[in-house]
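S.K.: Take this structure first; my questions come after.
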Amino acid sequence: MRKPWTRLALASVAALSLASLPAAALAAGQDEASQDEAAPITLDLYTLTDVHGHIQQVTKKGVVREAGLPAMNCYLKKARATNPNSSFTLLGDNIGASPYISGALKDNPTIAALNTMNPLASTIGNHELDMGQAVFKQRVDGSNPSEFVQATFPYLGANIEGMGTYGDGIPYLGDYKVWTSPSGMKVAFIGAIAQDVPYKLSPGTTEGLTFSDPIARINSLAAKLKTSGAADVVIAMLDDDVKNNYTKVGKDVDGLMGGDTHVPYEFDHVNSVEAFNSANPRLAGIASGSYTDNLGLIRLTIDPATRQVTSADSILIPAAEVAQCGVDPDTQAIVDKAEADSKEAGKRVVATGYTTPFMRGVFTTPDGLTEPGSNRGIESSLGDLVADSLRETILTPDGKSVDIGMINAGGLRADLVPNEDGTITYAQTYEVEPFSNELGYVTLKGADVKDALEQQWKTDLNSQNSRPMLKLGLSSNVRYTYDPAKPYGERITSVTINGEPLKADATYTVGSVTFLLAGGDSFEALTRGGAATTNGNLDRDSFNAYLGAHSGTAARSLQDAGGLAPREAKSSIGLTLPTEAVADGSTVTIPLRGLSFSEGPSITSKVRVSAGGAQAGAEVNNSLVDAHASDAASVITTDGAGQASVDVTVVGACEGKAAGEVVNVPVTVATDFATVVEASDGLTIPVTCAGTSAPAPSPSANAADGSQSGNQAPAPTQHKNAKAPKSSLARTGADMEGLVGALFVAAIGGAGLVARRRANRYQSENK
């Protein structure tokens, strides 16, 4: 346990620095009316989260999508000049998973640029530890200046114990920073992080550290700070999803700044479209999103007589508005130097002949916002590509490729878009895989592989991950189906490897990055084969070799040997089938999900379902809007794009069968591109025969044309802390009672898709 006096060190430093400000500067915080002691005080508290080394300005189709740090600093300097009662804080993940310009230079340019912006403090994010605790400490204490630029701002992590101190007892992670504004208001910024950090980092990275409940810690500190008079205002800087935690923070918290999910949020009781209850009736919640796509602002109005917050407004300032300020020359000089230092190494061509981009998953918020790579709960063409590269390049001692290539969606940090001349450069692949993970393989039973697929759904969004699903990219020789209406542990309904059903007791070699094989992202099932066998190769190097080996073949599909184009057909399909027998001749409604990728080129428009000799079709709903992207009721981010509901009449299965005899009728599913569920997968509809011959089916060649357009399938039911079974695979879908309930949940979720935020608070960005 840290000594109490170490917790106050940062506050003391803040007080001393403010004491040196000229009296004129201290009095300049308000307009002319501020000379009246009764005039309200306005505090402008700015914040950025998840910068991830994105220091440059990014413009797409003539619109500034990322302002860049030089423009951000320009805007902040003008804001401080307008209202000296302005602060700036960071919410963590400032570095790590960075673009080449920063990542290739150990993220030193990002730290140097942030230093010019004079942040009060930063919450620690999980990516601050990507290179280990020792490197993080060197960035904080400046003990290795030849390798790492020292951060001139403090890092906070109130719910983390074990990081230790340096110098004269200065903690590497403080609990809070108290800022006394020129108005005299004392604002305490408490920094904390979600408890799931150990799951997000390579095992051993957090050894010696303990992570307690961040909400409990924040609420306790907030109460003490206000009761003692140490703070008039308390802001929680929580590196976690704002939406999930808005209702949890206590009455003593006046503002909640969040991050990690890369989703922009603004919740308050002033003018937010989406409203939530809170213990503090004036709580403001903000998350800027990611990179520099927005600047977050909490604006507090305070009664100087009572020193109480009377109004709290959360505001998102889009990148395009920030960019209008221009650039700060000091920050721009750092960016310019980083561009020059990284350019030459990044020009190296690793592959040629590529014409089609490989994309990560996206979704769309109810306000119409999208962000590249924002959806980690969906199969993606890039994830498929990387998984195929892992299967080909990771070899067992006998020289054979592993049975399964597998990659976590969070390990891919940029889309792979070939240059106009068909080349792919080292800088581009670096941005795709910036972590420099070692490759290896484990040997698992089939039951363990199935359990790993079950673990894609996260049962506890607080302890496991802030996202409801983390989709695994799998090599093209693996296909599986799932039933989102079933409980956790029973959702995977079929798995095939090389066209053969997965055998629970057979063994399979799984190749991936060591982060994932050691249980990263809470995939515990992958650890059951013991420690991974490694080969000393890094992910990015092997990926470059794979792309280079297949240069010039981009026009061919993955179904052609050696071809490298985005996969045409999905490898994972969601469908719900009845478990209770239906009468021969009955019409069965089959909800389907995951029929399309979120971004082309394989977007299916129609789907056909066959049940025995009967066939029916429907149009596919490829909407990417998800009203519940970060909670258990999510649809797109848990099952993927491409939804439909097909009504198929089961006839002809009972010819020659006795009354009461049950026949299991095989089900197949075909999209515009391929048959994605085969009869050999073992998915069936049980049919009870009446004892008389049923009329022969008369399938229509154009069955899809007359069918209902795609309805949303039921949202999956989350079962907290349930454990996936190790038994044989389930072969059929959920019971009809569960289906009806899940369909109702999906309908309720669809009702929230019409929400729109005020246009003057946030611009829609269709990236």
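S.K.: Pull up the stretch 561-601, narrow it to residues that are more than 20 Å from Val635 (Cβ to Cβ) and polar (S, T, N, Q), then point me to the one that is nearest to the chain's Cα centre (by Cα).
M.R.: Once the filter is applied, the top-ranked residue is Thr579.
S.K.: Of the residues in the stretch 590-607, how many are surrounded by fewer than 24 Cβ atoms within 10 Å (Cβ to Cβ) and within 14 Å of Gly574 (Cα to Cα)?
M.R.: Total meeting the criteria: 0.
S.K.: Please find, within the stretch 130-160, the residue that is surrounded by the fewest Cβ atoms within 10 Å (Cβ to Cβ) out of those that are aliphatic (A, V, I, L, M), modelled with pLDDT of 95 or more and farther than 23 Å from Tyr46 by Cα.
M.R.: This residue is Ala134.
S.K.: Suppose the filter is under 24 Å from Val58 (Cβ atoms), buried (at least 19 other Cβ atoms within 10 Å of the Cβ), among the β-branched types (Val, Ile, Thr) and in the same structural domain as Ala230 (by TED's automatic domain parsing); does Ile317 pass it?
M.R.: When the stated conditions are applied, Ile317 passes them.
S.K.: Ok, one more. Can you tell me which residue in the stretch 471-485 is farthest from the chain's Cα centre (by Cα), limited to those that are at pLDDT 95 or above and of a type outside the set (Ser, Thr, Tyr)?
M.R.: Among them, the one singled out is Asn477.
S.K.: Within the stretch 42-99, track down each residue that is at pLDDT below 95, outside any strand (DSSP E or B) and charged (D, E, K, R).
M.R.: Selection gives Lys61 alone.
S.K.: Do the conditions hold for Gln332, that is, is it out of contact with any His (no Cβ under 6 Å at 6 or more places or on another chain), over 20 Å from Pro84 (Cα atoms) and either among the hydroxyl-bearing types (Ser, Thr, Tyr) or without any contact (Cβ under 8 Å) to a residue 12 or more places away in the chain (or both)?
M.R.: For Gln332, the condition - out of contact with any His (no Cβ under 6 Å at 6 or more places or on another chain), over 20 Å from Pro84 (Cα atoms) and either among the hydroxyl-bearing types (Ser, Thr, Tyr) or without any contact (Cβ under 8 Å) to a residue 12 or more places away in the chain (or both) - is not met.
Conditions (1) farther than 30 Å from Thr507 by Cα; (2) at pLDDT below 95, marked per residue:
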position: Asn375; (1), (2): yes, yes
position: Thr396; (1), (2): no, yes
position: Leu416; (1), (2): yes, no
position: Gly422; (1), (2): yes, yes
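S.K.: Residues of the stretch 285-303 being crowded, with 18+ Cβ neighbours inside 10 Å and farther than 26 Å from Cys325 by Cα, which ones?
M.R.: Within the stretch 285-303, just Ile302 meets the criteria.
S.K.: Still on this model: Can you pull out every residue in the stretch 424-459 that is under 20 Å from Glu524 (Cα atoms), of a type in the set (D, E, K, R) and at pLDDT below 95?
M.R.: Glu438, Lys458
S.K.: Still on this model: How many residues does the stretch 645-660 hold that are crowded, with 16+ Cβ neighbours inside 10 Å and not in a strand (DSSP E or B)?
M.R.: Looking only at that region, the number is 6.
S.K.: Given the conditions (1) touching a residue at least 60 places away in the same chain (Cβ under 8 Å); (2) farther than 20 Å from Leu76 by Cβ; (3) touching a helix residue (DSSP H, G or I) at 6+ places or on another chain (Cβ under 6 Å); (4) of a type in the set (Ser, Thr, Tyr), and given that Tyr166 satisfies all but one, which numbered condition is not satisfied?
M.R.: Status for Tyr166: all satisfied but (1).
S.K.: Filter the stretch 189-227 down to residues that are touching a residue at least 40 places away in the same chain (Cβ under 8 Å), among the small types (Gly, Ala, Ser) and crowded, with 20+ Cβ neighbours inside 10 Å and give me whichever is nearest to Ala305 (Cα to Cα).
M.R.: Across the stretch 189-227, the extreme among qualifying residues is Gly191.
S.K.: Now a separate question. Does Ala333 satisfy the condition of being under 30 Å from Thr638 (Cβ atoms) and either of a type in the set (A, V, I, L, M) or surrounded by fewer than 21 Cβ atoms within 10 Å (Cβ to Cβ) (or both)?
M.R.: Criteria not met by Ala333.
S.K.: To continue, here is another question. If you go through the stretch 179-188 one residue at a time, do you hit one that is surrounded by 21 or more Cβ atoms within 10 Å (Cβ to Cβ), aliphatic (A, V, I, L, M) and more than 30 Å from Phe515 (Cα to Cα)?
M.R.: yes
S.K.: While we're on this one: Could you list, in sequence order, all residues of the stretch 274-290 that are touching a strand residue (DSSP E or B) at 6+ places or on another chain (Cβ under 7 Å) and either modelled with pLDDT of 95 or more or assigned to a strand (DSSP E or B) (or both)?
M.R.: Matches in the stretch 274-290: Arg282, Leu283, Ala284, Gly285, Ile286, Ala287, Ser288.
S.K.: In contact with a Phe, Trp or Tyr (Cβ under 9 Å, 6 or more places away or on another chain), among the acidic types (Asp, Glu) and not assigned by TED's automatic domain parsing to the domain that holds Ala188 - does that describe any residue in the stretch 391-408?
M.R.: Yes.
S.K.: Further question: Filter the stretch 248-273 for residues that are under 21 Å from the mean Cα position of the chain (by Cα) and either among the polar types (S, T, N, Q) or assigned to a loop (DSSP other than H, G, I, E, B) (or both) and give the result.
M.R.: Passing the criteria: Gly259, Asp260, Thr261, His262, Val263, Pro264.
The values are calculated or read from the model by the stated rules, or taken from the named source; none is laboratory data. All of these numbers come straight from a predicted model, not from anything done at the bench. All Cβ positions, even for glycine, are placed from backbone atoms using ideal geometry, and neighbour counts span all protein chains on display.
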